[in-house]
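A short worksheet on the structure shown next.
The values are calculated or read from the model by the stated rules, or taken from the named source; none is laboratory data. All values derive from a computational prediction rather than experimental measurement. Cβ placement follows ideal geometry from the backbone for every residue including glycine, while neighbour counts extend to all protein chains displayed.
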Amino acid sequence: MANHKSALKRNRQNLKKNERNKGYRTLVKTLSKKVRVEAEAGNKDQAQKELKVAEKVIAKVGGKGILHARAASRKISSLTRLVNRTA
């Protein structure tokens, strides 16, 4: 347990930040899953719509530093490749 006043404050800040970011990380997973489900079902038009939404959110989360920028880029790239491969 932290003893210094500044360390106690840092712990409080980290808890708040973690709670806030948890929602964003969950949202990224949910949107990615929606894209995958539509792509695997063969619904290319619907998958592209879902991809557009997911891409925007993932880029935003990557920009905020919740996800690493390269990890966000990698997720967007893999989802885009998946959608483009669907017939």
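Those residues that are surrounded by fewer than 14 Cβ atoms within 10 Å (Cβ to Cβ) and under 14 Å from V57 (Cα atoms), I need them from segment 72-87; list them, please.
So in segment 72-87, the residues surrounded by fewer than 14 Cβ atoms within 10 Å (Cβ to Cβ) come out as 77-78, 81, 84-85, 87.
Across segment 72-87, the qualifying residue is only S77.
Within the set V57, V61, V37, the sole residue that is among the aliphatic types (A, V, I, L, M), farther than 14 Å from I76 by Cα and assigned to a helix (DSSP H, G or I) turns out to be V37. Among residues of segment 47-71 that are under 13 Å from Y24 (Cα atoms), those with a beta-carbon under 7 Å from a residue that is part of a helix (DSSP H, G or I) and of a type in the set (S, T, Y) at least six positions away or on a different chain give the pairs A54/S32; V61/Y24; G62/S73; I66/Y24. When restricted to residues that are at pLDDT 95 or above and hydrophobic (A, V, I, L, M, F, W, C), segment 8-24 contains 1.
Can you tell me which of A54, A72 is hydrophobic (A, V, I, L, M, F, W, C) and in contact with a Gly (Cβ under 8 Å, 6 or more places away or on another chain)?
Working: A54 fails: in contact with a Gly (Cβ under 8 Å, 6 or more places away or on another chain).
Checking each option against the conditions leaves just A72.
Being among the β-branched types (V, I, T) and touching a residue at least 40 places away in the same chain (Cβ under 8 Å), is that true of even one residue in segment 72-84? Before you say what the answer is, go through the steps one by one.
Residues of segment 72-84 that are among the β-branched types (V, I, T), as a first pass: 76, 80, 83.
Of the ones still in play, those that are also touching a residue at least 40 places away in the same chain (Cβ under 8 Å) are 83.
Yes, the conditions are met somewhere in segment 72-84.
Considering only residues in segment 1-43 that are within 18 Å of G62 (Cβ to Cβ) and touching a residue at least 40 places away in the same chain (Cβ under 8 Å), the one that is surrounded by the most Cβ atoms within 10 Å (Cβ to Cβ) turns out to be V35.
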